Amino acid sequence: MIATTESSVDLSTSEIFLARNSVFDRSGRVMAYEMLFRSRESVDEGRPDDLATSTQVIVNSMSHFGLEGVLGSADGFIHVTEKLLMSNTLEILPAQRIILEIMPDVSLNTEMLKRLQELKTAGFRIALVDTSLGNAAQVNGVGESIDTILPLIDIVKISLQTTSLENAAVLINRIRQIASPIFWATQVKTGEDLAACKTTGFGLFSGPYFSQPLVMRSKKPQALQVSLMKIVGLLFKDEGITTLEPLFKANPDLTLGLFRLVNSVGVAGHLQISSVRQALVTLGQKQLLQWMLLLIYTEAGNAATSELQRRVVNRARLIELLSQHEDITQPGLSDQAFVVGLLSLAHKVTGQTLEEVLKHIHLAEHLQNALLHHEGILGQLLVLTDAIEAADFSRMEASRSHLGISAQSLTDLQLQAIHWTNELDRQMTAMKG
């Protein structure tokens, strides 16, 4: 019997924290986002969350914003409890884009297996934590119960924090005798971990390693990045087009990108852009600055860089939106917030420290202090953004409370930032093509 739940939740009365965990495939591309959420009350009181309620809020907010707005072209993992699995809440989501990650405390009894089969028939994929297989074996007996469960499972999630690679290899070989799920390694911390996981047979990966510098490991930034940082520095000094134009003319790739950008964003209207000077005038300083900062992240042009670009754009937009909050906003702050967000991860691709990166740029002292020491309001917004990206709900609660931003406002702004980031990603993909 499937329980009936309300088809929509009032987001204005829901205090839910949202975070996303990127899940990568073997090529380094984001295959999906694991949607993570906690109610503010559970964080405040340090107690287990009513995950069914939290999930329902997020499911409905995803429906409200549109799945594309939240996930972009990636798929989405959603944690599901027994209560949620047996309800009709999931029916508002497009099954082909959603992977149901079953929580370890779900009873894999006959009734639940029947429900999972119904959900698979509807098009959902099912993910299971490896410990759930052990729990099922202990309760129901090894053999027939595992044989019944595994054919329904599309992805098996294994944490390297609790399972050694040696034990994971044994488990993978055992499961492959019965079924053919994809294996997902979490808590991947180093490049050596990643290589070993690939050899062991994992196909999906997530963990701290993917937040580390992945693209460039040289001690010096490459030539194009040096040119980009020079241009950014000139823009911060409000240098005119006469100073900027020669730098573009000396770099054909930058000039081509400039022309593509002016055409793709539609700022030129019906004008036919025929010179670098005309393109620079048409684009304007603010948009040119943002584009230059973004190019620092895309110079290497591979999958890891693309994900880092999405990450930095999302944090820049989120910090910008947060800076516009009624209790925070002040003249000029939002433009500064966006720039701080874009600069905050530049060291991830240049092979330099953030201090070294900022030496190339004539940045105001209070912005440098925000980036390097988390000082001032912009520094505090960076702290909140870091907590969100780390899915550290306790830090999120402390930071948002200090800033005077409600949990519901924070979640709403996060979803707006994600939607905006996905739209920009589509524009930039079209521009590259």
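The values are calculated or read from the model by the stated rules, or taken from the named source; none is laboratory data. This one's a predicted model, so the numbers in the text were calculated from it and none came from an experiment. Here the Cβ positions follow ideal geometry from the backbone for every residue, glycine too, while neighbour counts run over all protein chains shown. When the accessible area is computed, the model is the full protein with side chains, heavy atoms only, and any ligands, DNA or RNA have been set aside. Shrake-Rupley method; radii C 1.70, N 1.55, O 1.52, S 1.80 Å.
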Modelled label-to-label distance, S73 and R277, 7 Å Cα→beta-carbon offset: nm?
3.9
Could you order the peptides 332-342, 182-192 from most to least packed, using the average number of other C-beta atoms within 10 Å per residue?
332-342, 182-192
Most packed first (mean Cβ within 10 Å per residue), the peptides 168-174, 27-33 order as 27-33, 168-174
Given R₀ = 22 Å, what would the calculated FRET efficiency be for Q96 paired with I178, taking r from the Cβ atoms and rounding to 0.05?
0.30
A student applying the Cα gyration tensor rule (rounded when a/c is under 1.5; otherwise prolate if a/b is larger than b/c, oblate if not) would label region 352-432 oblate
Averaged across orientations, what area in nm² does the convex hull of the alpha carbons in region 275-433 project?
10.2
Between T162 and T329, with labels modelled 7 Å along Cα→Cβ, what's the label distance in nm to one decimal, could you check?
4.5
Could you look at region 298-392 and say what percent of its accessible area is carbon and sulfur, using a 1.4 Å probe and all protein chains?
44
In terms of modelled amide H atoms, which long-range or inter-chain residues lie less than 5 Å from the amide H of V188?
S206, G207, Y209
What residues qualify as long-range amide H neighbours of M31, i.e. H under 5 Å apart, gap of 5 or more or another chain, H built at 1.01 Å from N?
V23, F24, D25
